[in-house]
Each structure stands twice: as structure tokens, then as C-alpha cells.
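Below you'll find the structure, written out as C-alpha cells, and then a few comments.
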Amino acid sequence: MPIDAAFDIISFTSFIVLVVLGLGVIASMMGIFNLGHGDFVLLGAYTVFVFDELGLPIWLGMTVAPFAVALVGLVLERTVIRRFYAAPIIAMLGTYAIGVVIRETVRGLIGGLYHAIPEPLPGMIDIGDISISRWRLTVILITVLVVLVSYLLLRRTTLGLKIRASLENPALARSAAISTGQIYALTFAFGCGLAGLAGALMVPAFSLSADLGVRFLIQAFLAIMLGGVGTFEGPIRGAGLAGALMVPAFPLSADLGVRFLIQAFLAIMLGGVGTFEGPIGGAALIGATTAAFPWVMNPILADIMVFVLAIVAIRLRPTGLFTKRRL
Amino acid sequence: MTLNPRGWPVILVLEVAVLAALLAMPAGLDHFWVIFVTRVMILALLAISFDLCWGYAGIMSFGQALFFGGAGYAVAVAARDLEITSVFIALPMAVAVGFVLSLFVGWFLLMTRFPPPIIFVALGTLTGSYIGQRLALSWYYLGGQNGIPSIPSLTVGDYPLYEGPVFYYMVLGLLLGVYLLCRWLVRSQFGLVLAGVRQQESRLTFLGYRVQTYKTMMFALAGSIAGLGGGLLAFHDGFIWPNSIGILVSTQAVIFVLFGGIGTLIGAVIGVGAIEYVGFELADRYPQIWPIILGALLLVVVMFRPTGLIGLLVPERERYGRFGKPPKGEDGDDGAA
């Protein structure tokens, strides 16, 4: 059983990592907090749904989704987002509005219902006496691959250098003949494409509904804040942690959830150790855990507790759990 | 691009006009519209509360519905289980619930050692509202998905307050009181500090103001007002459901205020009226298109007209306003922004 559970955690974590990666790329590389990101995820999921409705193969939809969403992102960047670079705070309102438009459009199109999408790779793989869902395994592999490629792209290629230069010092980058406008457009489209991919891959696991996005938006932001803004690795690690935390929301049996919830708290506490606030944070978390324990059996409350705890952790460690203490 | 060459106090004119219209309306409207306008005035309380946060204190609150819906649920449960329906108990209770909730959230999100990044505040409030929605959705005691239907009506002594003219004037009175209180507050020295915070927060901090305390106070006041609105709406509509506490209403508050005009108070009231009226006309014919239009409208306002509807009429200088007399012993600057 523990291996089953661990596998579930990893596969759920990879969904979150994908969502976070796109959001993190845009937030870290452009300084824009895209509050519509969850709805780009939704758009990716919706693309797959459309393909399924048309009787086309699901895997085709999953291949098309990232590009379709990236295209939407590109158009939006050229028409809307670029106006906000001078005012990142207004950008939050603007992207929030974009999110509302996408969400309500999808809601209108799917009629406010839940739609289930079958997995493109059904069946299980048996390793010894454990059997693993073939599709989930594929998702994990894809996630690892995407994270790896993104990392190499940003760290090891000229394009990545240009992207980082545009973030670091836009004026200097422009004077070095880097077209920051193009770079921003590309980055934004790339981030949106990742969101589309995340949505496409997760839609068999979470049935499609219009509110899919909001929930993942919050989770992804919590993950980014936990991991620390401005780095590539931070959000991913935060996502790992958040993914592990969010598992209780997954249709698992409740007592497994409890166990991993507590383990994840321990992880959070470990994150805070060695700093001034660490012990306080640890104490607060232990207190909260103890207080919550009688309820935690209820998966919905466990889900809520996770949000609360994540935000508590962020409040106590505003620079993130994994960044060295600044200030 | 203002239509005011002669320099009238446009805001004052608008305020008086809106008040006069609201006072006169029940005489000329049938029962349905009286109820409709009552509802608009209640939502105006929600809008004012968001305006205080974002327009005056610079707190981007995407979770104003938590206080609105939280107070609504509180009075609904109290009315259902404890039969507390007296105006003099239920409404103060709604205010208190809004106050306590927002004081806690504000303390938590704003009173940090270092000024919290705005994204943390936006996200924290959004999460609060989302948590409220999840709780309300899944807690059987709160009615789950259906919410709490058929809440008993408010009472004054033995006399029940049904929706209609009496309820209308009660809400109008409360709205007027809240409005005047806020109007006085944002034009006072307290408001001047907050105006300074909006301009340059770090300077105010260096001058020795406890900026985060000021913000938290404003947030708690806004939460109390939202609570009052939520309590009123629960009794007025006779039911409350998870959307009242969740993302939907939180978004509505943002749209109302940004559309009407941020940082003017009257803009918030006008925004609610305009959106609700157009929404009512359109929602009948195009129930699925309307939310999309609202989102697009928000986007257009944010992009092209950050000052909202009111920005068409009111010059920049008047929007900032004046801030009352400085305390004795300071030099005689008239306090104009």
C-alpha cells in the first residue's frame, strides 16, 4: 500500500508541477502574476473535451492543446498583457478579468456540468504485486521531461539567456539588440502553453468543470509563494511540497490522506528550521495539526486545512521555504 | 476629458442626485422594482467595502465575499436555529461577524514584519473566500450546495419586516449612514495618511506611521460594512447559498467598483446600480453571455478607463478631495492632496 500511495502522490504532484511551471515562468521571468493562469489550464482541458466530442482521438487533443492555448496566450499578450508591463499590479486585475472571460465562456459552452474524459492509455502495469495506472505513469514521465527541457531551455540556451536578460535589466537588454517585446511575447505564450498541457493531461483525472481553473490557480500560487518567487527551482520544489500536501483532495481513502498530510507538515517544518521563525512556524503547525486531527478524517476539511496551513507557512516565511533568508 | 468646465463639485452633485432618486423611488415604482433597488443598495454596501480596501487603503482584496457571506450565514443560522430575528440583534451581529472575520484576516495578511507583497494579500483574501465557499458547500449544517432557504424575516418587536417599502427605507437609512461615515473618514486626517500610503508607502513608514496598522483598521471597517450588507441580503432574499461567500460575489465586488470608479465611494454605488440594472435586462435574454460580458467589461475598464464611469465626470483633483483641518500646532497647509 505505501508504494501505491506514494505513486498517487507523485502523479498528483506532477499535475501541480506542470501548472506551477507555467505560472512560475511568467511570474519569475516577466514579473507578471497571471491571475488568469488557472483558466488557461481550463482552456487546455476544454480543448481535449472538444476533440473528444468531435470523435477525434484524445491523444491528438492533448497534443494540440498546448499549442492552441499558447496561441491564445500569444494573441492576448500582443493585444492586452503588453499594456500592463509598466504596472504589474494593474496586470493582476487585467489577467483576473481575462480569467473571468475564459471561465464564463467555457461554462457557457459546456453548460455548467461536469464532463468525464477517458484516459487515452487505459489499463495498469503490474510490477511485482503492485499495479500502477499506465496513464498516470505517462503523465509523470511527461512532467519530468517538460521540467527538464524548460530548465535546459532557460539555463543553457541563448534564448534562455535572452529571456533572463530581459527580466534582469530590460533597458540594457534592449540596448544589446534583444527585442524584449518579442521575448516577453514568447515567454508568455510558453507559460500559457504549459498551462494548456497541464489542463490537457489532468482532465481525465479531474472531470472537466468551469471552476477547475480557480482551484488550481490558488494551489499554484501557494506553491510558488512557498517555493519563493524569482527562481526556477523554487516554484518546482514548492509545487512538489504542495502536491504532496494536496493529495487529500484526491479521491484517496481518508486515512491515507491523514498520514501524508502529517508527513507534509513535517516537511514544511523542516523547511523552516534553522531560522528565527522556523521554530515558531513549527509550533504553529504542530498546534494546528493537533487541533485539526479529530477532523482531518473528513477529506474536505483536510483539503481546507491544507490551504490554511500553506498560507500560514508563507506568512511565516515570506521569502519562501527554500530560499536563503534575505533582508 | 471631463465635462465640467465651471468647476462644480461634481461628486457632491452626484451624491445629492443619487440620494434624491433613492428617496423618491418607492413612490413611483411597483413592488418588484422596490425590491430590486433594495437589493442594489445592499450590494452597494459590499461595493463600498471593496472601494475602501482597494480605492482608499490599497489592499487588493479578492475575497470581500468572505465577510459578506460569512455574516450572511451567521445571521441565517442564528435566525433558523436560535430564532434571532430582531433587527437590533441580528444586524449588529452581522456587523460583528464581518468585523471579527476581517480583523483576523487583516491582522494575518497585513500585520507582517515586512510589508507583505500585494500578491500575497490578493491571494490570501482569494483563498479565504475559496475556503469559505468549500466549507459552505460541504458542511451539512450550513445546508451544503442548496444553502439555507426560507430564512425567517427580520422583526422590529412583533412587527415583521417583509421586503418592500419599509425594508427599502431601512436599507436606505443604513446605506446613508455608512456612506456618510466613510465619506467623513476618507476625508479626515486618517484618510490623508492612507492617501499618502497609496502614493508612497515607504515614505510614510519612514515618517513613523504604522502603515500596516492603518491598513488593517481600514480593512476591518470594510469587513464590518460587508458584514452588514451580507446580513441584510440574507434576510432580504430569505436565503443564502455558497456562492454568496465565494469567488462569484468576490469578483462582483471588484467589477462593481472598478466599473463605477475607484476611490470615490459614490462611484461604487453608481457602479452597482448600472451593472445590476444592465445585468437584469440582459440576463433574462442571454443568461450565458452576461457573465462573459462582465469579464470583458472589467478588462476594458482596467485597460482603457482606470477611473471608471465616474472618471468621465469628475476631474482628478476632485477625486482626491481634501482632508479636513490639520491638527492644531501644524502649519496652515489646507491639506489638499
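Residues that are under 22 Å from the mean Cα position of the chain (by Cα): list the helices (runs of 4 or more DSSP H) wholly contained in the stretch A:114-186 that include at least 3 such residues.
Passing ranges, in order: A:134-156, A:158-168.
In this structure, does A:His115 turn out to be touching a strand residue (DSSP E or B) at 6+ places or on another chain (Cβ under 6 Å), at pLDDT below 85 and surrounded by 15 or more Cβ atoms within 10 Å (Cβ to Cβ)?
In short, yes.
Here are some conditions: (1) outside any helix (DSSP H, G or I); (2) open to solvent by less than 20 Å² (accessible area, probe 1.4 Å). A:Leu56 meets all but one. Which one does it not meet?
Going through the list (1) outside any helix (DSSP H, G or I); (2) open to solvent by less than 20 Å² (accessible area, probe 1.4 Å), A:Leu56 breaks only (2).
Which members of the stretch B:213-244 meet the condition of being open to solvent by 10 Å² or more (accessible area, probe 1.4 Å) and within 13 Å of chain A (Cβ to nearest Cβ)?
Answer for the stretch B:213-244, where residues must be open to solvent by 10 Å² or more (accessible area, probe 1.4 Å) and within 13 Å of chain A (Cβ to nearest Cβ): just B:Asn243.
Please enumerate the residues belonging to the stretch B:98-132 that are touching a residue at least 24 places away in the same chain (Cβ under 8 Å), more than 7 Å from chain A (Cβ to nearest Cβ) and more than 22 Å from A:Ala87 (Cα to Cα).
If the condition is that a residue be touching a residue at least 24 places away in the same chain (Cβ under 8 Å), more than 7 Å from chain A (Cβ to nearest Cβ) and more than 22 Å from A:Ala87 (Cα to Cα), then B:Gly98, B:Phe99, B:Leu101, B:Ser102, B:Leu103, B:Val105, B:Gly106, B:Trp107, B:Met111, B:Gly128, B:Ser129, B:Gly132 are the ones that fit.
Which is small (Gly, Ala, Ser) and open to solvent by 10 Å² or more (accessible area, probe 1.4 Å), of B:Gly69, B:Gly143, B:Gly63, B:Gly98?
After applying the criteria, what remains is B:Gly143.
Regarding A:Gly99, is this residue touching a Ser or Thr at 6+ places or on another chain (Cβ under 9 Å), open to solvent by less than 10 Å² (accessible area, probe 1.4 Å), modelled with pLDDT of 80 or more and not charged (D, E, K, R)?
Values: touching a Ser or Thr at 6+ places or on another chain (Cβ under 9 Å): no; open to solvent by less than 10 Å² (accessible area, probe 1.4 Å): yes; modelled with pLDDT of 80 or more: yes; not charged (D, E, K, R): yes.
No.
Taking the stretch A:62-99 as the search range and keeping residues that are among the β-branched types (Val, Ile, Thr) and without any contact (Cβ under 8 Å) to a residue 24 or more places away in the chain, which one is farthest from B:Phe304 (Cα to Cα)?
The selected residue is A:Thr63.
Just checking, how many residues over the stretch A:106-163 are within 14 Å of chain B (Cβ to nearest Cβ) and among the aliphatic types (A, V, I, L, M)?
Of the residues in the stretch A:106-163, 4 are within 14 Å of chain B (Cβ to nearest Cβ) and among the aliphatic types (A, V, I, L, M).
How many residues does the stretch B:103-154 hold that are among the basic types (Lys, Arg) and part of a loop (DSSP other than H, G, I, E, B)?
1
Yes/no per residue for (1) out of contact with any Ser or Thr (no Cβ under 8 Å at 6 or more places or on another chain); (2) within 14 Å of chain A (Cβ to nearest Cβ); (3) at pLDDT 70 or above:
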| residue | (1), (2), (3) |
| --- | --- |
| B:Ala274 | yes, no, yes |
| B:Leu282 | yes, yes, yes |
| B:Gln288 | yes, yes, yes |
| B:Val300 | yes, yes, yes |
| B:Pro326 | yes, no, no |
| B:Asp331 | yes, no, no |
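Could you check the stretch B:73-87 and list, in sequence order, the residues that are farther than 25 Å from B:Arg183 by Cβ and assigned to a helix (DSSP H, G or I)?
B:Tyr73, B:Ala74, B:Val75, B:Ala76, B:Val77, B:Ala78, B:Ala79, B:Arg80, B:Asp81
At pLDDT 85 or above and among the β-branched types (Val, Ile, Thr): does that describe B:Thr125?
Details: at pLDDT 85 or above: yes; among the β-branched types (Val, Ile, Thr): yes.
Yes, satisfied.
Filter the stretch B:146-174 for residues that are open to solvent by 10 Å² or more (accessible area, probe 1.4 Å) and aromatic (Phe, Trp, Tyr); which is farthest from the chain's Cα centre (by Cα)?
B:Tyr159
The values are calculated or read from the model by the stated rules, or taken from the named source; none is laboratory data. In this text, all values refer to a predicted model and were calculated from it rather than measured experimentally. All Cβ positions, glycine included, derive from the backbone under ideal geometry; neighbour counts span all protein chains shown. Protein only, heavy atoms only, side chains kept; ligands, DNA and RNA dropped before computing areas. Shrake-Rupley method; radii C 1.70, N 1.55, O 1.52, S 1.80 Å.
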